[in-house]
Amino acid sequence: MRKIAFLYLAFILFLTSLAHALNPIDECANYLNAKDYVRAIQAGQEAVKLYPRSVDAYFCLGIAYYKTGQLNLALENFKKAEAYAVRDDDLMYIYNWLGSVYDSKGDLDNALLYHSRSLDLAKKLGNRKLEATQLNNIALIFDKKGELDKALSYYEESLRLQTNELDKAPTYNNIAVIYDKKGDYTKAIEYFKKAIDISTRYGDYHGSGIAMLNLGNTYRKLKDFDNAYFYLDEGLKRVKKVGDKYWEGVGYKNFGWYFMDKGDKKLAKDYLNKAYEIFKSIGAEAYASQVLSDIASLERRRTAVYGGVEIGAKGVKAIALEITLREDELYDINELFRENINTTIIAGVKEKGEFTSEGIEETAQAVKTLINKMREKGVPGNNIFLVASSAITAVKNKEELSKRIEALTGYRLLFLTAQDEVLYNIAGALPPKYYYNSIVVDVGSGNTKIGYLEKVADSIIVKSFEIPYGSVSLTEEAIKRGSFKKSLTEILHREIIPLLNREKSKNPAYVNRKNVFLIGGAVWALSTLQKPEQIKESYVKLTATDIEKFLNTINKNPEKALNPDISKLKPELKDRAQKQIEKVKDVFTQENLISGISLLNTISKEFNFGQRQLIFPRYGNWLIGYVMLNGYWIEKEK
């Protein structure tokens, strides 16, 4: 669901009055006020021809293009207006519209930048109307970043500054969207209807149409299909009548979801295709990508088998997985095959800075062996992917390795960067439904990485930071400093808590996103020892209480913590659980577990895990991430 990106500005205050009654800048302004955007564009095009350095001409034409959803053309003209502007009051309005264009394109960082610049100038110039507008716009950005409570506070502050009733309608709409996302549909409907009522009474056909599209989508979520259809249909008619291509695309998208929910796959695809074409045509790439994902989901394959071969510094490892998408959008994972072959691939690099011919041949043969074994296990050839880690990517004669592997197997080798590895590992832990509403906490042996994915325009960005301690390195550092438990407490309070506070201050998504995926050895140990009955589950639900309870037990009664009661489990499950329990005790000392779980518990308290859903993805790995991000899970039409 999208929302109104700005309050409609009385931009005529910005334009300089010119003497000639039929001046095309005046005509453009008049047509905009009349909401005749097609003729506003025509007048604006004439204006920039006659006055090629006029701020007013480019500004008016930019608004006209924006109002019709032609985002690339709007951006081009607002940028020209910015280049020619010298007065703060001119820039104040230009920055507002630049922020709105970037927002509609899905570029949240630039949107926040320009709306913040406009807000600063509005405060400086004492323009309370535009100050309220920018508070509204900045709230919208925080909403899209998943910071709903922060967004709501900005909307409410904006509402307090507004004195004109018509100006309140878009803010009511936006507040309704927040309640919709929170699942408070009663409040959402109340505020959407307030927005529609005001817009309708003041003859704002455009604003009422946008609010109707949003209200229809809320009724869809409630399965109230009669009301959903009424508001979606009426809202779509209104935004089409004023020529707003962007909101026309939103209307088609919402209708696509409506028919998906009703089980009409054909009509759903028809409407989603219309939305996709419109978003592509106006440059709204992020929204075009979202709709394309919806179209693909109509053809989603429920179960598929994939294999991955990774070449790293120690050699070659392969894994084959049967992945089944569940109704809750998590996966069931069945591991079909796993094998490692150690090679001397990195030995020559240490000596000569490049792979030796022997190392290349040995590694290529290992890759061939593992690919053949996966095919024997029934993995389709097209579903086998071959990658090289960043350690391999950095070697100067890497292409020789790639060519030899292709000659032996027919597969091209994909060289990963360090950023690729982080991206695929995060995506491997998170099913697509959770990409943009979750964070990942990876408690390793040497360090701990915390991050999340963010969609910016048509790119996926990884936001992350590192804690320089993991289960083992924290143990070693605490022992080195003297008393283990005393030093452990000091490190947590003096070094780790301040780091966590700095990071959550910079990126509130760390504490505001509702899902937390926990991975790494310490989490695996916690899950194995505390929930052995779930040893076959691909995803294990945890709580902040589970973490704290285990930490207390391992400190006070380590024998009990390390030997959970599995006597009531079925024989097959009992045998599997016992093997994993013994493996935990082989991998970690008691001090390692105390360190790792203490670190996890500290993160839990500082990042408010008690109010969030915690999930341990037992089989999360780069292969799943690669498959999901590259779309191989989706069964595409020819």
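Only one entry of Thr589, Thr602 meets the criterion of being buried (at least 18 other Cβ atoms within 10 Å of the Cβ) and assigned by TED's automatic domain parsing to the domain that holds Leu542, and that entry is Thr602. Entry remark, region 202-251: residues being more than 18 Å from Ile175 (Cα to Cα) and aliphatic (A, V, I, L, M) number 7 in total. In region 433-442, is there at least one residue being surrounded by fewer than 19 Cβ atoms within 10 Å (Cβ to Cβ), at pLDDT below 90, of a type in the set (D, E, K, R) and in the same structural domain as Trp622 (by TED's automatic domain parsing)? Checked against the condition, which is being surrounded by fewer than 19 Cβ atoms within 10 Å (Cβ to Cβ), at pLDDT below 90, of a type in the set (D, E, K, R) and in the same structural domain as Trp622 (by TED's automatic domain parsing), region 433-442 yields at least one hit. Number of residues in region 469-485 that are surrounded by 15 or more Cβ atoms within 10 Å (Cβ to Cβ), assigned to a loop (DSSP other than H, G, I, E, B) and out of contact with any strand residue (DSSP E or B) (no Cβ under 6 Å at 6 or more places or on another chain) equals 1. Residues in region 334-355 that are within 16 Å of Val316 (Cβ to Cβ) and modelled with pLDDT of 80 or more: Phe337, Arg338, Glu339, Asn340, Ile341, Asn342, Thr343, Thr344, Phe355. Here is a check on your reading of the model: is Leu569 surrounded by 15 or more Cβ atoms within 10 Å (Cβ to Cβ), touching a helix residue (DSSP H, G or I) at 6+ places or on another chain (Cβ under 9 Å) and in a loop (DSSP other than H, G, I, E, B)? Yes: the conditions hold for Leu569.
Contact map, region 23-38: first residue farther than 22 Å from Lys245 by Cβ, second residue of a type in the set (Asp, Glu) and modelled with pLDDT of 90 or more, Cβ cut-off under 7 Å, separation 6 or more or different chains; pairs are Pro24/Glu46; Ile25/Asp56. How about region 276-293: which of its residues are more than 17 Å from the chain's Cα centre (by Cα) and assigned to a helix (DSSP H, G or I)? Scanning region 276-293 gives Tyr276, Glu277, Ile278, Phe279, Lys280, Ser281, Ile282.
I'm trying to understand the selection: among the residues of region 549-566, which are out of contact with any Lys or Arg (no Cβ under 8 Å at 6 or more places or on another chain) and outside any helix (DSSP H, G or I)? Matches in region 549-566: Asn557, Asn563, Pro564, Asp565. Total residues in region 234-269 satisfying the condition of being without any contact (Cβ under 8 Å) to a residue 24 or more places away in the chain and farther than 14 Å from Asn214 by Cβ: the figure is 6. Restricting attention to region 375-414, the residues being of a type outside the set (Lys, Arg) and under 15 Å from Glu354 (Cβ atoms) number 11. Among the residues of region 137-172, those identified as over 23 Å from Ser438 (Cα atoms), of a type outside the set (Val, Ile, Thr) and not in a helix (DSSP H, G or I) are Gln162, Asn164. Identification of helices (runs of 4 or more DSSP H) wholly contained in region 363-458 with 3 or more residues that are within 26 Å of the chain's Cα centre (by Cα) yields 418-429.
When Val177 is tested against (1) in a helix (DSSP H, G or I); (2) over 22 Å from Glu454 (Cα atoms); (3) among the aliphatic types (A, V, I, L, M), only condition (2) is not met.
Let's see how each residue does on (1) touching a residue at least 24 places away in the same chain (Cβ under 8 Å); (2) more than 25 Å from the chain's Cα centre (by Cα); (3) assigned by TED's automatic domain parsing to the domain that holds Ile439:
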| site | (1), (2), (3) |
| --- | --- |
| Leu125 | yes, yes, no |
| Leu135 | yes, no, no |
| Leu140 | yes, no, no |
| Glu156 | no, yes, no |
| Pro170 | yes, yes, no |
| Ala176 | yes, no, no |
| Lys187 | no, yes, no |
| Ala195 | yes, yes, no |
| Lys221 | yes, no, no |
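Considering Ala81, Ala29, Ala74, the condition of being more than 37 Å from the chain's Cα centre (by Cα) and part of a helix (DSSP H, G or I) is satisfied by Ala29 alone.
In this structure, is Ala132 aliphatic (A, V, I, L, M) and more than 20 Å from Lys506 (Cα to Cα)? So Ala132 fits the description; yes. Being farther than 25 Å from Ile460 by Cβ and modelled with pLDDT under 90 is a property that does not hold for Val291. Based on this model, can you work out whether Ala318 counts as closer than 26 Å to Pro431 by Cβ and crowded, with 21+ Cβ neighbours inside 10 Å? Judged against the criteria, Ala318 is a match.
Residues that are without any contact (Cβ under 8 Å) to a residue 60 or more places away in the chain and either outside the structural domain of Arg53 (by TED's automatic domain parsing) or outside any helix (DSSP H, G or I) (or both) within region 86-112 comprise Val86, Arg87, listed in sequence order.
Only one entry of Lys253, Lys240, Lys223, Lys266 meets the criterion of being outside any helix (DSSP H, G or I) and not small (Gly, Ala, Ser), and that entry is Lys223.
For Glu548, the requirement of being in the same structural domain as Lys605 (by TED's automatic domain parsing) and either β-branched (Val, Ile, Thr) or farther than 14 Å from Leu526 by Cβ (or both) is not met. Considering Asn372, Asn425, Asn382, Asn447, the condition of being of a type in the set (S, T, N, Q), modelled with pLDDT of 90 or more and out of contact with any Leu (no Cβ under 8 Å at 6 or more places or on another chain) is satisfied by Asn372 alone. Across region 534-548, what is the total count of residues that are in contact (Cβ under 8 Å) with a residue 12 or more places away in the chain, surrounded by 15 or more Cβ atoms within 10 Å (Cβ to Cβ) and assigned to a helix (DSSP H, G or I)? The number of residues fulfilling the criteria is 4.
The values are calculated or read from the model by the stated rules, or taken from the named source; none is laboratory data. Note that the structure is predicted; figures quoted are calculated from it, not measured. Quick reminder, even Gly has a Cβ in these numbers, built from the backbone with ideal geometry, and neighbours come from all protein chains shown.
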